[in-house]
Each structure stands twice: as structure tokens, then as C-alpha cells.
Amino acid sequence: MRFAADLHRRFDVGDVRRVEANGHPAAGLRVGDLRQVLAVDVRDGRVRAVYGIANPDKLRYALDQLARSA
């Protein structure tokens, strides 16, 4: 949660929603005018990696989820 709060302080982050990315929970959000998905790889209770996906072709499924939940 601290990571998300820090992002919000540093950038114009909005419209944060829970989505699915490759079968795993992720966050769909807007940073400025850019839509993206942040996926977090957690193993043994520790964050191993954070992936930011902003390619529109790769985001199609997540953006469809966001549109349905709006």
C-alpha cells in the first residue's frame, strides 16, 4: 500500500481499479493521460517484481474489464 500511496503523491494517478493480468490480480490505472496495468509478482510474501504494461495491444483485455466495471 505504501508503494501505491507514493505513486499517487508523485504522479497524477487516478481511476485505480482491480483487474486481472495473465490470470493474476493487478491494478488498472491512469497516470496522466496514459492507461496502464501494474502487475506485482509476489512470492513467499515478498514482492519480487512490479510490471507496468502500457502497450494498448496488450492492454485490450484489462481495458475491457475497466469499461465493464465503470
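The values are calculated or read from the model by the stated rules, or taken from the named source; none is laboratory data. Source: prediction; values computed, not measured. Here the Cβ is made from the backbone with ideal geometry for all residues, glycine too, and neighbour counts use every protein chain on show. To get the accessible areas, we keep the full protein, side chains included, count just its heavy atoms, and leave off ligands, DNA and RNA. Shrake-Rupley method; radii C 1.70, N 1.55, O 1.52, S 1.80 Å.
Looking across region 57-68, just one residue is open to solvent by 80 Å² or more (accessible area, probe 1.4 Å) and within 21 Å of Leu7 (Cβ to Cβ), and that is Lys58.
Within region 17-54, the set of residues being surrounded by fewer than 17 Cβ atoms within 10 Å (Cβ to Cβ), of a type in the set (Gly, Ala, Ser) and touching a strand residue (DSSP E or B) at 6+ places or on another chain (Cβ under 8 Å) comprises Ala49, Gly52, Ala54. Can you tell me how many residues in region 28-47 are at positive phi and within 11 Å of the chain's Cα centre (by Cα)? Residues meeting the conditions: 0.
Residue by residue, here is whether (1) at pLDDT 80 or above; (2) in contact with a helix residue (DSSP H, G or I) (Cβ under 7 Å, 6 or more places away or on another chain); (3) part of a strand (DSSP E or B) holds:
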{"site": "Leu7", "(1), (2), (3)": "no, no, no"}
{"site": "Arg17", "(1), (2), (3)": "yes, yes, yes"}
{"site": "Arg30", "(1), (2), (3)": "yes, no, yes"}
{"site": "Ala49", "(1), (2), (3)": "yes, no, yes"}
